[in-house]
Amino acid sequence: MSDYSYLPQQLEEHFAAHNRNDQSFIELNPLPSCLICFPLKEQSSRQFQDFWNWFLNKHSAETYTAYITYYFDQAYFENDFEERNNSINQLLYSAIFEQQPPDFEYLNHQIHIWIAAHQATKTSFETEKESYQTAPVFDLLLSKSDSSTQTVIPEPMANDPMQANILATLQGIQTALGQKNNTPIPLFRGDVQDSIEWLDDFERAAIANQYNDEYKFQIVGGYLQGSSATWFSQETDANAQQKIIRWTPANVGEINTSFTTRFENKFRTPILISKWRMKLEKRTQGPGEVVTKYAKAIRKLIKRVDTGRNWTKEQKIHFFTKELRTDLSYVLWPLLALKDNPTMNMAIELAQRIEDNQRMHLGSTLPVFASVPVMAPAPQMAATSFATHTQDSNE
């Protein structure tokens, strides 16, 4: 048994709290998929019954609660795409499955299509006067959506106005939803997770899947869980002050209404910053580690620690060079001193050239001057050696 929001241990803890009648725990940790927390108070709608029969058979869902029926009806009768998408996400968060559920975005996609198809045939559901069977139509549509963003109307169906209308309706839905999902997107579960790492992973997957910024903003709520999901729901609410309405800012005036900047500000916690700072202070270049790999690690840590992007060039150079292998730093520092307005990019490029030269002439990356202690100047010392303190906007 599994779901999208809770680990098996959390589910067990919740039901154990019911067994021991721990009301304080239950009130603080309600479970949307729990029938005790959200009992069914009235008969579900006809459209929900149709949906649940499909959901149960196709995706091994278990039972449903008042929470699920509420959000299904919200999604079903909502015309705004974004609002419908949010309601479908809530429905999925509250569903329990007998086995590992499919990819979240895939199942969200399937429900969008199911609702569109059901609405296109709702007259036949309500009057029961149509002679043809609608279930095979849903199966056809859903199977087509797995591999193509264009629905091909089979010849027998093209002659039926009702069924042709279903497929035509879905072409518009699939244009909005028919995005690639070749590279999985990870979930973000809250404060203890590396928020910057997750955002970088999300961006890499989005690029691979060819998502634009508008689509990234539409789907990101589906990959947030726990406290982050609550935060996102509050900050995108219609009544929120400075409501988040876009993925990333195009100018300074859009910073406070953009997801990426607000997300970083919220979940780059002091505890994480301290952890990253400690890693940066202790990071050394290993005996066999190439400059490229070491520089990437230093860049990553500086990006996390320098929350205001206020570090000077000298500070960045200091942290790159201070634990660079001595055979490299011994040669690097005199060369840097000859440069006007040196940057960390310059330092990295020079270190790579020195490393390549050693490999070419010595056939090895073993330290040449390993016995010579070389210390990088502290930032304030480095500042006296260089012509400027201007921040490097390119790093």
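The values are calculated or read from the model by the stated rules, or taken from the named source; none is laboratory data. As the structure is a prediction and not an experimental result, all values here were calculated from the model. In this analysis, Cβ positions are derived from the backbone assuming ideal geometry, glycine residues included, and neighbour counts consider all displayed protein chains. Only protein heavy atoms, including side chains, enter the accessible area calculation; ligands, DNA and RNA are left aside. Shrake-Rupley method; radii C 1.70, N 1.55, O 1.52, S 1.80 Å.
Heavy atoms of the protein chains alone define the surface here; on that basis the stretch 7-112 has 53 Å² accessible area per residue at 1.4 Å probe size.
Does the stretch 191-247 classify as rounded, prolate or oblate by the C-alpha gyration tensor (a ≥ b ≥ c root eigenvalues; a/c under 1.5 gives rounded; else a/b over b/c gives prolate, otherwise oblate)? Could you put the intermediate results ahead of the total?
Working: a/c = 2.42, a/b = 1.29, b/c = 1.88.
Cα axes put the stretch 191-247 in the oblate bin.
Note on Gln43 and Lys293: the extension gain reaches 83.9 nm, defined as 0.36 nm multiplied by sequence separation minus the Cα-Cα distance.
Taking 7 Å steps out from each Cα toward its Cβ at Glu82 and Gln210 produces label points 2.5 nm apart. Protein heavy-atom surface of the stretch 61-110, 1.4 angstrom probe: 42% of the accessible area is carbon and sulfur, with nucleic acids and ligands not counted.
As an exercise, use a Förster radius of 25 Å and the Cβ-Cβ distance of Met360 and Leu338 to find the FRET efficiency, rounded to the nearest 0.05.
0.65
For the cross-link pairs Lys303/Lys339; Lys282/Lys303; Lys216/Lys296; Lys216/Lys293; Lys216/Lys275; Lys279/Lys316, the ones whose C-alpha atoms lie over 21 Å apart are Lys303/Lys339; Lys216/Lys296; Lys216/Lys293; Lys216/Lys275. For a paramagnetic label modelled at 7 Å from the Cα of Phe25 toward its Cβ, which residues of the stretch 62-93 fall within the zone defined by backbone nitrogen distances under 12 Å? No residue passes the distance filter.
Descending by average beta-carbon neighbour count within 10 Å, the peptides 291-300, 97-106 line up as 291-300, 97-106, the highest first. Length gained on full extension, Ser274 to Thr183: 29.6 nm, using 0.36 nm per residue less the C-alpha separation. Were the residues from Met346 through Asn53 laid out at 0.36 nm apart, the gain over their Cα-Cα distance would be 99.2 nm.
Taking R0 as 51 Å, what FRET efficiency do you get between Thr63 and Arg309 from their Cβ-Cβ distance, rounded to the nearest 0.05? Once the sixth-power term is evaluated, E becomes 0.55.
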